[in-house]
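Any read-out appearing in this document is the output of simple, stated calculations on the displayed coordinates, not a laboratory observation. Predicted, not measured: the structure shown is a model, and the values here were computed from it. Note: ideal-geometry Cβ built from the backbone for every residue, glycine included; neighbour counts use all protein chains shown.
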Amino acid sequence: MRICQTIEEMRAACREAKRSGKRLGFVPTMGALHEGHLSLVRAAKASCEVVAASIFVNPLQFGPREDLQKYPRDFDRDRALLEKESVELLFAPSVEEMYPPGAITWVEVEGLSDRLDGHSRPGHFRGVTTVVAKLFHIVEPDAAYFGQKDAAQLAIIRRMARDLNFPVEIVAGPIVREADGLAMSSRNAYLNPQQRKQALVLHRSLLRVKKLWEGGERDLARLRAAGREEIAREDSVRLDYFEIVDAGSLEPVVDVADGALVAVAALVGTTRLIDNVALDASHGAR
Ligand code: PAF
């Protein structure tokens, strides 16, 4: 695996890799890799001839009181994991390389950026879209892979790619869960054993809503109330939002129809976790 630390080197390596018409897949990450990331890498390997990944803890997407400083970083471990998956190119730039002094340009998907996590984390999604737009320009991938766990991020990146005509296919990878249902996240590392158990309430709340919906309940208020009630049962977990929205526009749905996204965010101790399920009449909720 070739590791590139500068934009110039990464751009040249990606162009070289694509020169003979090879399809280039790209998995952007902030490191602290887990099975969720690796499943995206495997999906990229399955449909692309060359796979590039990036590891960059993007300061622009962290709020002033968020966990930028303590965000888990273990470059050697991540590198070994990517090497094992036969990733060909790894981009690992410094903050100065990505944001030289004087950089003042942002990419923002207006409206969508303020919904769900964007409502509780002002500026978060504009940091995400700015870095992803830069990464797309550097790597010029044919396909880019993002996890369904960050459903709002996925919708916003799809919209950005469409509105700004990035010639890239955005591919979503399913949520990867621990055996007991907890969605994999780099932030799970912050949880102590007790919080780790409490965190299961997120998935439980989604399953409760899914079951009601599969039983024929379509009323938004009742479904949302059931989800919120489930979270409230776990005293030490503080709900941020429990919403049922259109997966593309992230707007609350009126009638909870096929394809709606049930999304939750909550604080377990000081750790903010998110999870979601898509309601699907043909296959049950995913
Ligand atoms: O999902 C993430 O890990 C990050 O938001 C991303 C897409 C790598 C941008 O920093």
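Counting residues in segment 199-213 that are touching a residue at least 40 places away in the same chain (Cβ under 8 Å) and part of a loop (DSSP other than H, G, I, E, B) gives one or more. When residues in segment 86-107 are screened for being closer than 30 Å to ARG23 by Cβ and among the charged types (D, E, K, R), 2 of them pass. If you go through segment 37-94 and keep only what is β-branched (Val, Ile, Thr) and within 28 Å of ARG121 (Cβ to Cβ), you end up with VAL41, ILE55, VAL57.
Checked against the criteria, TYR190 does not count as within 11 Å of the ligand (Cβ to nearest atom) and over 27 Å from VAL254 (Cβ atoms). Just one of the numbered conditions (1) touching a strand residue (DSSP E or B) at 6+ places or on another chain (Cβ under 8 Å); (2) more than 12 Å from the ligand (Cβ to nearest atom); (3) without any contact (Cβ under 8 Å) to a residue 40 or more places away in the chain is not true of VAL176: (3).
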